[in-house]
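Presented below is the structure to which this report refers.
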Amino acid sequence: MAYVAIADRDTHLHDPQTFVTKYIWSQDHKVIAIQYSLIAIGVGLVALVLSGMMRLQLGFPDTFSFITPNNYLQFITMHGMIMVIYLLTALFLGGFGNYLIPLMVGARDMVFPYMNMLSVWVYLLAVLVLLASYFVPGGPTGAGWTLYPPQAILPGTAGASWGIILMLVSLAIFIVAFTMGGLNYVCTVLQARCRGMTLMRMPLSIWGIFMATILGLLAFPALLVSAIMMILDSLIGTSFFMPAIVSMGEQLAYEGGSPILFQHLFWFFGHPEVYIVALPAFGIVSDLLSVHARKNIFGYRMMVWAILAIGGLSFVVWAHHMYVSGMNPYFGFFFATTTLIIAVPTAIKVYNWVLTLWHGDIHLRVPMLFAIGFIFTFIHGGLTGLFLGNVTVDLPLSDTYFVVGHFHMVMGVSPILVVFGAIYHWFPKITGKMYNETLGKWHFWLTFLGTYSIYLPMHYLGILGVPRRYFALGETEFIPDSAHIANESITISALIVAVVQILFIINMVWSTWRGQKADPNPWGATTLEWQTPDTPPKHGNWGPKLPEVYRWAYDFSVPGAARDFIPQNEPLDPKIAPGRDHGVHA
Amino acid sequence: MSTTVLFVLVLAGVVGWWLFARQLTGRPWELAQRKLDDSHEGATLAVSPARTGLWVLLAVISSFFALFMSAYGMRMMLDDWRPLAEPSLLWGNTLILVLSSIAFQWTRVAARRGDRPAVQTGLIVTGFFTFAFLAGQVLAWRQLSASGQYLHSNVANAFFFLLTGLHGLHLLGGLAAWARTMLRLMQAGTALGQARQSVELCATYWHYLLLVWLVLFGMLLAT
């Protein structure tokens, strides 16, 4: 059969005419990506405000009468859940996944554009249901972002009647939205690549997003299963998770259920979730480093294999979140071992990033600053992860600020730095305009140094034994005055970092309308999205003819070439490299 | 959890081995590899995107049911578990579901032949058996409720109602696709048109849900 690209087989490519079909009910992956991103960033700002409220309480206890202990727990819960799922997962996969996959693999659109459109609107519904919990009796749930039963649905926990149900329903809706999007991402990567684009010629961004989507598709059902069973426990009175229990002096009708079962299910989702957020960040940061260091990524094959290995291993480490719940020592041994093993492919990636910089022609533009910042915060958070992976070290540290510092470093700050770097990097392509470089640099340095001054002291607090989740520490003998001072300083840093994000928003909004017109390929990047005939790319991406790919994504600084990069769709020039290999042998 | 881990590992193993053997060992920066890669047509699998999508969806649903089975296995070990005597009606329902799957397979073969009247008959028969199965499941629920076995009576009951209900919901989703196929068939006039692919995909889905049911039913019977 003669080859016809999948995107070109369908003669009736959705062709928007009116404002509504073009920007609202759009089936164009680029518009959907922007819709996803705007919703995610919007709800992320809510979560940012919530963290500011928590920090106000922790830094200056007994000062703010509008923050009650229940409020505080509601802030924790909503902040955690929004940041992890509704912001990071949605932004990386729904936002960057949607924008980058078709452009980077040379497709005209996702393979199921209608389902893609449904995905974003169902996601919006999930966000609205979640936020609706602020307007119901009792407010949102205060069960902590892990929603552990039995307390999540017992009276006495904030939002035990309405809030928790809305949370679980919202999660279920989100999972439906994600599955619709995820089917698109996987099938587009597998089936809609342009001619010449083998799997091993894909940019690492696509590898990261692809693997993260597979993890999401297999792991989110665990959250759905636990949500369904918890809703039944709460509304109908089944005892999947609820043990026989006396609540407020009253024997409840529950019998024999297992809270630990919930923890297994939750973390079977929860740990892959870490990598659902991390793998796209790994992929994107690899591309940022390579482009802005004008050098091919070090060890491309190893990078791909490491992504696959991390993806596989992430399903067998979940119980390291449950050391304090108690388990058979052999299980603890098993999970500590797998946890430490997963550090090996991760470390390979870190070495390769650093070695990509080695002897590179580094351009410290804003995206590169964020990418290098990521290496710092990720190494930092990764190393404390090695501490916590060991059962004996985890037990005393698990309920302290050490853990808060660790996971914010590794899966809060690190992915967010990549998000910023990626937005700055692709902004000229998305909008056709250039952002303000100076504002971007201020944004980077204040955010980077600011987050360090937030989370570094938390490790110290944790080693002192300051417990996390507490509304107020009160007068406690083992907590010295210096800890209170550290808390104040953390709060001040946190507020500064929060306010600094206004710089980013101003820069983005102002540059979109008033920025200088950007070059179609301002960074001299090799990947396909920079080679589109129009900037920003028009509907259908490629004009009349799909691109063809003749090389991998990392032909930077090839000896003898006219420029220091060769786009992926440029055919081999026999004069430049007659039979000679480029780059490093991995 | 071990069921699920096993499921995921087997899936990852198969996919990983396949990818590795065929696609992941190339050195894209070398000239010899480059010549091979230039003639690559772009798609990884020799099937349509819709079929790829269906297989990925089936993997997601498998993960969903495997997790429920893991939860079942773990919850079963606890003291308050009182096994439920499954109504014997379920055997009849199983037979009906097998018949619906056979009917769909027959329809699929007819669609490959391009035999439109046979496809229409086949779809109607399949639909009849499927609705009969769902009605049978509801009847089984009512029998249980009539004998005082409610959803909240014991967690074994809860699992029974939940698993049968979720399986039924998936079948209802399949019936939505089935109705769409009927609609397409009517729109297509004398030819099969797009209905042909719908029949193919629906048949796969029906066989898959039969398999899920057999596994679930086996698990419920064995415990």
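Taken as a whole, the structure leaves A:G181 outside the set of residues that are outside any helix (DSSP H, G or I) and either closer than 23 Å to B:A66 by Cβ or facing another protein chain (nearest Cβ under 8 Å) (or both).
Which one of these is more than 8 Å from chain A (Cβ to nearest Cβ), polar (S, T, N, Q), in contact with a Gly (Cβ under 8 Å, 6 or more places away or on another chain) and outside any loop (DSSP other than H, G, I, E, B): B:T94, B:T3? Talk me through it step by step, then tell me what you get.
Values: B:T94 fails: in contact with a Gly (Cβ under 8 Å, 6 or more places away or on another chain).
Only one candidate passes the filter, namely B:T3.
Here is a yes/no grid of residues against (1) among the aromatic types (F, W, Y); (2) closer than 14 Å to A:P102 by Cα; (3) touching a Gly at 6+ places or on another chain (Cβ under 8 Å); (4) facing chain B (nearest Cβ under 10 Å):
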| site | (1), (2), (3), (4) |
| --- | --- |
| A:L171 | no, no, no, no |
| A:V176 | no, no, no, no |
| A:A192 | no, yes, yes, yes |
| A:G196 | no, no, yes, yes |
| A:W207 | yes, yes, yes, no |
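Quick grid of which residues meet (1) open to solvent by less than 60 Å² (accessible area, probe 1.4 Å); (2) without any contact (Cβ under 8 Å) to a residue 60 or more places away in the chain; (3) in contact with a helix residue (DSSP H, G or I) (Cβ under 9 Å, 6 or more places away or on another chain):
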site	(1), (2), (3)
B:L175	yes, yes, yes
B:T181	yes, yes, yes
B:Q187	no, yes, yes
B:L192	yes, no, yes
B:A195	yes, no, yes
B:E200	yes, no, yes
B:Y205	yes, no, yes
B:V212	yes, no, yes
B:L220	yes, no, yes
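Can you pull out every residue in segment B:44-56 that is modelled with pLDDT under 85 and within 7 Å of another protein chain (Cβ to nearest Cβ)?
Narrowing segment B:44-56 to residues modelled with pLDDT under 85: B:44-46.
B:T44, B:L45 - these are the residues of segment B:44-56 that are modelled with pLDDT under 85 and within 7 Å of another protein chain (Cβ to nearest Cβ).
Six or more apart or on different chains, Cβ under 8 Å: which pairs go from a residue in segment A:532-554 that's among the aliphatic types (A, V, I, L, M) to one that's in a loop (DSSP other than H, G, I, E, B) and modelled with pLDDT under 90? Could you list them? From segment A:532-554, the pairs are A:L546/A:A5.
With A:V274, A:V225 as the choices, which residue is open to solvent by 10 Å² or more (accessible area, probe 1.4 Å) and either outside any loop (DSSP other than H, G, I, E, B) or outside the structural domain of A:T339 (by TED's automatic domain parsing) (or both)? Before you say what the answer is, go through the steps one by one.
Numbers: A:V225 fails: open to solvent by 10 Å² or more (accessible area, probe 1.4 Å).
After ruling out the rest, the residue left standing is A:V274.
Within segment A:194-222, the set of residues being in contact (Cβ under 8 Å) with a residue 24 or more places away in the chain and assigned to a loop (DSSP other than H, G, I, E, B) comprises A:C194, A:R195, A:G196, A:M197, A:M202, A:P203. The listed residues are B:L99, B:L78, B:L84, and the only one of them that is within 30 Å of B:L151 (Cβ to Cβ), more than 9 Å from chain A (Cβ to nearest Cβ) and more than 19 Å from the chain's Cα centre (by Cα) turns out to be B:L84.
Has segment A:506-520 got any residue that is over 30 Å from A:T18 (Cβ atoms), in contact (Cβ under 8 Å) with a residue 40 or more places away in the chain, of a type in the set (S, T, N, Q) and surrounded by 15 or more Cβ atoms within 10 Å (Cβ to Cβ)?
Step one: of segment A:506-520, the residues over 30 Å from A:T18 (Cβ atoms) are A:506-507, A:516, A:519.
From the residues that got through so far, the ones that are in contact (Cβ under 8 Å) with a residue 40 or more places away in the chain too are A:506-507, A:516, A:519.
Next, only the ones that are of a type in the set (S, T, N, Q) stay: A:507, A:516.
With the extra rule that they be surrounded by 15 or more Cβ atoms within 10 Å (Cβ to Cβ), the set shrinks to A:507.
There is at least one residue in segment A:506-520 that is over 30 Å from A:T18 (Cβ atoms), in contact (Cβ under 8 Å) with a residue 40 or more places away in the chain, of a type in the set (S, T, N, Q) and surrounded by 15 or more Cβ atoms within 10 Å (Cβ to Cβ).
A Cβ distance below 9 Å, combined with a sequence gap of six or more or placement on separate chains, defines the contacts here; from segment A:17-37, residues that are within 15 Å of A:P113 (Cα to Cα) reach residues that are open to solvent by 80 Å² or more (accessible area, probe 1.4 Å) and at pLDDT 85 or above in the pairs A:Q27/A:Y114.
Results for (1) open to solvent by 10 Å² or more (accessible area, probe 1.4 Å); (2) within 12 Å of chain B (Cβ to nearest Cβ); (3) modelled with pLDDT of 95 or more; (4) not in a helix (DSSP H, G or I), shown as yes or no for each residue.
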residue	(1), (2), (3), (4)
A:F262	no, yes, yes, no
A:L279	no, no, yes, no
A:R301	yes, yes, no, no
A:A309	yes, yes, no, no
A:F331	yes, yes, no, no
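The values are calculated or read from the model by the stated rules, or taken from the named source; none is laboratory data. The shown structure was predicted, so the numbers you read here are calculated from the model rather than taken from an experiment. Note that each Cβ is placed from the backbone with ideal geometry, even for glycine, and that neighbours are counted across all protein chains shown. When the accessible area is computed, the model is the full protein with side chains, heavy atoms only, and any ligands, DNA or RNA have been set aside. Shrake-Rupley method; radii C 1.70, N 1.55, O 1.52, S 1.80 Å.
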